[in-house]
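Novice: Here it is, the structure in full.
The values are calculated or read from the model by the stated rules, or taken from the named source; none is laboratory data. Source: prediction; values computed, not measured. Reconstructed Cβ throughout: ideal geometry from the backbone, glycine too, with neighbour counts over all protein chains shown. Calculation scope for accessible area: heavy atoms of the full protein, side chains included, ligands and nucleic acids excluded. Shrake-Rupley method; radii C 1.70, N 1.55, O 1.52, S 1.80 Å.
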Amino acid sequence: MNVFEKTRASKVTLDDTVPLTAFIEAAQKQDDHVEYVIRVQRGPLKDNSWQIVRRYSDFANLDTQLRLSQVDLPLPPKKVFGNLDRDFIAERQNGLQAFLGAVTGHPVLANSIFTKQFLDPSNYATNFLELALQHVSMIFRSESQRWEVVEPLRDIGWRLRKNFIQIQTTEKPKTSLMLSWQEFGPDKFIPDKELCALMKVLPTIKHPNIFPTEFATANDTGGLVIRPLHEAGSLRDLICRCRPKGHYLRKYGNPKQVTALDMTQVQKFGRQILDTLKFLHDKGFPYGHLHAGNVVVAGGTTCCLLDIENWMLGVPSYYRAFYTQFKKIQTLEMIDVYSFGHLLYEMTFGRQLTSPVCDTFPSSCPAQIRSVLESILTSEAVKNGLPQVSDLLLHPLFSPVVPAVTDKPVLKVPSKLKECVRNARQEMERRLKEEQKLIHQVRRISKAKQFHMSEEEKKKRRKSRKKAMENGGVGEDKEPMSPTSPTSPTSPSAPTPPAAPPTPEGATGS
């Protein structure tokens, strides 16, 4: 059983952050149209793949849906006459393959519900919002109708199985609140009874840089959290200068105007976030979901982290498809440090880093920020090991910032739940290590095959066979070499899907 799809009762086992790749294997004529047979693969294992059949009109519909992102995609033009000509079909197939590559290679588009439904209809045909409203309705009835739904906020965040709903209190004066419903994910390792008890801890957390929770609970399917409505949206909304309630494809697909933070803001916000991470780690309370969509700015001066409950519900992290490539990132603290590097990059340059690493930075980047980014995001850093949160707090970029004097933070986990928290964290890290090991093995095999099929290696094998024949070795009329022999000929291999694209970008708190 592969690590991407473990069977577990009463919860979602599919990891939506695992990239899908698509390769058009064939084009076949069907009466008055052409159908394209596409091989779709989830993750690195070829065994985890399936075939779908799509017409040109299906590609055109997907292109229409994705135009919301304002990303230019290379869809081949429509042709009325001659569209069954063999040469034209071959040309169009190449064009549609380029279109698929552009979609799956763009983090925001690759993780959109439109793309998922196009490539994997069996797993994404569900109306997630309708299901969320049903669960919310049942929980509201059990809570004596303390709240009422104002409106669902459709597609404001990147998670497909997370829905946001604006609600208000039923008693006057009516207060606007934000409700989020999230189905369980593949890292849900806390039993239901203990999870309900742990969710009740959220409203008791008191910290100046953790956004307050009004109410939190869970059932056998997912978790519900109610927080104050933050009209300004997330830090990513601030950077992209967009309306928080807009569709995330429009907000983050190809933002036309972005605003980078100034040096003072970067220092202050960075210090506040690091202090909060240090507080959580010292309490043994995992986070692992740091990104600009999970940060809000209160009063223009204070950063607050959102979605502290994500790890409890077992949902995969925003940058998971990035850090699973690096064997040195195997703990939740290292995940937070790596994610902080991406957040620092986004705050500094006003755009997300859409690749796992970055070895060159703009010349305009301040030296102190460059130093921190190089210690986290470069190829050398992820290979040799990242700094700890405590190390970053001592860095000259953040150490001069004096934290504001506030009341003592509070996060009390009942003693009977501490062991449960520790076990869940260990299980999440174990699954991460298994996934990293699998990816590493697939890469080694792929590199070996590429070397074996390289032109230089083929020339060496031909020379070796020729020399063996001249010396009385194996000839055409003699016993062929063993397939395991390093000089044996290799039959042409079937075309393989393109490399997996980087993981999603752009989201509201999740």
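Novice: Residues GLU143, GLU130: which one is within 24 Å of the chain's Cα centre (by Cα) and surrounded by fewer than 19 Cβ atoms within 10 Å (Cβ to Cβ)?
Specialist: Details: GLU143 fails: within 24 Å of the chain's Cα centre (by Cα).
None of the other options fit; the residue is GLU130.
Novice: How many residues does the stretch 29-57 hold that are modelled with pLDDT of 90 or more and open to solvent by 60 Å² or more (accessible area, probe 1.4 Å)?
Specialist: Final tally of qualifying residues: 4.
Novice: Please specify each residue of the stretch 93-115 satisfying the condition of being of a type outside the set (A, V, I, L, M), under 14 Å from TYR56 (Cα atoms) and out of contact with any strand residue (DSSP E or B) (no Cβ under 8 Å at 6 or more places or on another chain). Steps first, answer last, please.
Specialist: So in the stretch 93-115, the residues of a type outside the set (A, V, I, L, M) come out as 93-95, 97, 99, 101, 104-107, 111-112, 114-115.
From what's left, under 14 Å from TYR56 (Cα atoms): 93-95, 97, 99.
Selection gives ASN94, GLY95, PHE99.
For every residue, the table says whether it meets (1) within 16 Å of PRO186 (Cβ to Cβ); (2) under 25 Å from the mean Cα position of the chain (by Cα); (3) open to solvent by 90 Å² or more (accessible area, probe 1.4 Å); (4) at pLDDT 80 or above.
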position: GLU434; (1), (2), (3), (4): yes, yes, no, yes
position: VAL442; (1), (2), (3), (4): no, yes, no, yes
position: SER446; (1), (2), (3), (4): no, yes, no, no
position: LYS449; (1), (2), (3), (4): no, no, yes, no
position: GLU456; (1), (2), (3), (4): no, no, yes, no
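Novice: Quick one: would you say THR360 is β-branched (Val, Ile, Thr) and without any contact (Cβ under 8 Å) to a residue 60 or more places away in the chain? Spell out how you get there, then give the answer.
Specialist: On the way: β-branched (Val, Ile, Thr): yes; without any contact (Cβ under 8 Å) to a residue 60 or more places away in the chain: yes.
In short, yes.
Novice: Same structure again: Check the stretch 163-178 and report whether any residue there is assigned to a strand (DSSP E or B), in contact with a strand residue (DSSP E or B) (Cβ under 7 Å, 6 or more places away or on another chain) and of a type in the set (Ser, Thr, Tyr). I'd like the intermediate steps shown before the answer.
Specialist: Of the residues in the stretch 163-178, the ones assigned to a strand (DSSP E or B) are 163-169, 176-178.
Keeping just the survivors that are in contact with a strand residue (DSSP E or B) (Cβ under 7 Å, 6 or more places away or on another chain) gives 163-169, 176-178.
Those left that are additionally of a type in the set (Ser, Thr, Tyr): 169, 176.
Yes: the stretch 163-178 contains one or more residues that are assigned to a strand (DSSP E or B), in contact with a strand residue (DSSP E or B) (Cβ under 7 Å, 6 or more places away or on another chain) and of a type in the set (Ser, Thr, Tyr).
Novice: Looking at SER339, is it within 22 Å of LEU235 (Cα to Cα), among the hydroxyl-bearing types (Ser, Thr, Tyr), assigned to a loop (DSSP other than H, G, I, E, B) and open to solvent by less than 10 Å² (accessible area, probe 1.4 Å)?
Specialist: Numbers: within 22 Å of LEU235 (Cα to Cα): yes; among the hydroxyl-bearing types (Ser, Thr, Tyr): yes; assigned to a loop (DSSP other than H, G, I, E, B): no; open to solvent by less than 10 Å² (accessible area, probe 1.4 Å): yes.
Taking the combined requirement at face value, the residue does not satisfy it.
Novice: Could I ask something else about it? Out of all the residues in the stretch 28-54, which are aliphatic (A, V, I, L, M) and in contact (Cβ under 8 Å) with a residue 24 or more places away in the chain?
Specialist: Here is the first cut: in the stretch 28-54, the residues aliphatic (A, V, I, L, M) are 34, 37-38, 40, 45, 52-53.
Answer for the stretch 28-54, where residues must be aliphatic (A, V, I, L, M) and in contact (Cβ under 8 Å) with a residue 24 or more places away in the chain: VAL34, ILE38, VAL40, LEU45, ILE52.
Novice: Just the residues that are over 30 Å from VAL18 (Cα atoms), open to solvent by 20 Å² or more (accessible area, probe 1.4 Å) and either within 30 Å of the chain's Cα centre (by Cα) or modelled with pLDDT under 90 (or both), please, taken from the stretch 149-175.
Specialist: Of the residues in the stretch 149-175, the ones over 30 Å from VAL18 (Cα atoms) are 149-151, 167-175.
Adding the requirement that they be open to solvent by 20 Å² or more (accessible area, probe 1.4 Å) leaves 149-151, 168-175.
VAL149, VAL150, GLU151, THR170, GLU171, LYS172, PRO173, LYS174 - these are the residues of the stretch 149-175 that are over 30 Å from VAL18 (Cα atoms), open to solvent by 20 Å² or more (accessible area, probe 1.4 Å) and either within 30 Å of the chain's Cα centre (by Cα) or modelled with pLDDT under 90 (or both).
Novice: Can you tell me which residue in the stretch 368-385 is surrounded by the most Cβ atoms within 10 Å (Cβ to Cβ), limited to those that are more than 18 Å from THR348 (Cβ to Cβ) and not polar (S, T, N, Q)?
Specialist: Kept after step one, since they are more than 18 Å from THR348 (Cβ to Cβ), are these residues of the stretch 368-385: 379-380, 382-385.
Within this subset, residues satisfying the condition of being not polar (S, T, N, Q) are 380, 382-383, 385.
Working: GLU380: 11, VAL382: 22, LYS383: 11, GLY385: 13.
Among those that are more than 18 Å from THR348 (Cβ to Cβ) and not polar (S, T, N, Q), it is VAL382.
Novice: Take the conditions open to solvent by 10 Å² or more (accessible area, probe 1.4 Å) and assigned to a loop (DSSP other than H, G, I, E, B) and apply them to PRO212. Does it pass?
Specialist: Answer is yes for this residue.
Novice: Mind listing whichever residues of the stretch 220-262 are farther than 22 Å from VAL71 by Cβ, open to solvent by 30 Å² or more (accessible area, probe 1.4 Å) and touching a helix residue (DSSP H, G or I) at 6+ places or on another chain (Cβ under 8 Å)?
Specialist: ASP220, THR221, ALA232
Novice: Mind listing whichever residues of the stretch 1-28 are of a type in the set (D, E, K, R) and either in contact with a Leu (Cβ under 6 Å, 6 or more places away or on another chain) or at pLDDT below 75 (or both)?
Specialist: Within the stretch 1-28, GLU5, LYS6, ARG8, LYS11, ASP16 qualify.
Novice: Could you tell me how many of the residues in the stretch 290-309 are within 19 Å of PRO203 (Cβ to Cβ), open to solvent by 10 Å² or more (accessible area, probe 1.4 Å) and part of a loop (DSSP other than H, G, I, E, B)?
Specialist: 1
Novice: I'd like to check which helices (runs of 4 or more DSSP H) are fully inside the stretch 55-133 and have at least 2 residues that are among the aromatic types (Phe, Trp, Tyr).
Specialist: On the way: elements: 56-66, 86-104, 107-110, 113-119.
Per the criteria, 56-66, 86-104, 113-119.
Novice: When both residues are 6+ apart or on different chains and their Cβ atoms are under 7 Å apart, which pairs have a first residue that lies in the stretch 130-157 and is closer than 24 Å to PRO244 by Cα, and a second that is outside any helix (DSSP H, G or I) and charged (D, E, K, R)?
Specialist: LEU153/LYS245; ILE156/LYS245
Novice: Okay, moving on. Could you tell me whether the stretch 387-409 includes any residue that is in a helix (DSSP H, G or I), out of contact with any Phe, Trp or Tyr (no Cβ under 6 Å at 6 or more places or on another chain) and either open to solvent by 50 Å² or more (accessible area, probe 1.4 Å) or at positive phi (or both)?
Specialist: So the first thing to find is which residues in the stretch 387-409 are in a helix (DSSP H, G or I), and the list is 389-393.
Those left that are additionally out of contact with any Phe, Trp or Tyr (no Cβ under 6 Å at 6 or more places or on another chain): 389-393.
Those left that are additionally either open to solvent by 50 Å² or more (accessible area, probe 1.4 Å) or at positive phi (or both): 391.
Yes, some residue in the stretch 387-409 is in a helix (DSSP H, G or I), out of contact with any Phe, Trp or Tyr (no Cβ under 6 Å at 6 or more places or on another chain) and either open to solvent by 50 Å² or more (accessible area, probe 1.4 Å) or at positive phi (or both).
Novice: If you scan the stretch 70-87, which residues turn out to be modelled with pLDDT of 85 or more and of a type in the set (Lys, Arg)?
Specialist: LYS78, ARG86, listed by residue number.
Novice: When you scan the stretch 261-282, do you find a residue that is outside any loop (DSSP other than H, G, I, E, B) and within 20 Å of the chain's Cα centre (by Cα), even just one? Explain how you work it out, then say what you get.
Specialist: Applying the first criterion (outside any loop (DSSP other than H, G, I, E, B)) to the stretch 261-282 yields 263-282.
Now narrow it down to the ones that are within 20 Å of the chain's Cα centre (by Cα): none.
No - not one qualifying residue is present in the stretch 261-282.
Novice: Moving on. Restrict the check to the stretch 324-334 and report whether at least one residue is hydroxyl-bearing (Ser, Thr, Tyr) and within 15 Å of PHE269 (Cβ to Cβ).
Specialist: Start the filter on the stretch 324-334 by keeping residues that are hydroxyl-bearing (Ser, Thr, Tyr), which leaves 324, 331.
Okay, now just the ones that are also within 15 Å of PHE269 (Cβ to Cβ), so none.
Scanning the stretch 324-334 turns up no residue that is hydroxyl-bearing (Ser, Thr, Tyr) and within 15 Å of PHE269 (Cβ to Cβ).
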